[in-house]
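What follows is a single structure, written as structure tokens, with notes after it.
Quick note: the coordinates plus some simple rules give every number you see, no bench work behind them. Please read all numbers here as calculations on a predicted model, not as lab measurements. Reconstructed Cβ throughout: ideal geometry from the backbone, glycine too, with neighbour counts over all protein chains shown.
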Amino acid sequence: MKKEKVAYNQLDRLDKILNVVYGSNTHIEYDIYNELYQHKIESTKKFITTIPTGHNPSTWKTAVHRENYDVIGNWLWKELNRCGDSMRNSERRCDLYLSRRSLLEPSKFKAMWENAYENRVCAITGTPLNFGLGETKELENAYFLATTGEQGISPSIERIDPEKEYTIDNVEIISQFENIGRNNGVNFERLRKERKAMQSGAFTKIMCS
């Protein structure tokens, strides 16, 4: 069965990023600056949206994601299509990769995309996530640095309950750092509860009582 590629138009976000990243050299005389500024934005936008796609190029996996600057959809497409390596991964791990592909179904893919778009942070710690790959990862990090002073962390799709399969109700997007921590036995359930408590204000009440 042919997989339907789902992409969402994020060209406005690309324009915003380029304006922030290349719009800070205001010490240049205005007319010259404006011309250089516009040229840099237009040339970078053309470059980013025409990078070759495919398995080997590291930036864009599909043309439809590239044309829409849909870095979240592009990253999800790459991650959900992973199949594992029978020479390096266990049979269980390869089976899990295959089960994860069910999330490519358009309605499930849309739900995951919307969750990532609305939050853009690790589900456990709230750390900002960078969904870019290759050239877009570098561009997104430049934007993160200009707006927050920190780089975004690469994300990872993980199961909430590791004893269950990859289903839309049992997956979350976390940072790769937290993924490493999970493999080293970090208590994510406790971290998740603490973050929810802090978001609701309950953590402050508990600490002050």
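Gain on full extension, evaluated as 0.36 nm per residue between T50 and N115 minus their Cα-Cα distance, stands at 20.7 nm. Classify the range 133-178 as rounded, prolate or oblate from the Cα gyration tensor: take a ≥ b ≥ c as the square roots of its eigenvalues, call it rounded if a/c is under 1.5, otherwise prolate when a/b beats b/c and oblate if not. Taking the square roots of the gyration eigenvalues as a ≥ b ≥ c, the range 133-178 is prolate.
Ranking request for peptides 152-164, 135-147: highest mean number of other beta-carbon atoms within 10 Å first, then the rest in descending order.
Values: 152-164: 16.2, 135-147: 17.8.
Most protected by this proxy first, the peptides run 135-147, 152-164.
Nearest 0.05, what FRET efficiency do E105 and K16 give at R0 = 41 Å with Cβ-Cβ as r? Don't jump to the answer; show the numbers that get you there.
On the way: r = 31 Å, r/R0 = 0.75.
So the FRET efficiency works out to roughly 0.85.
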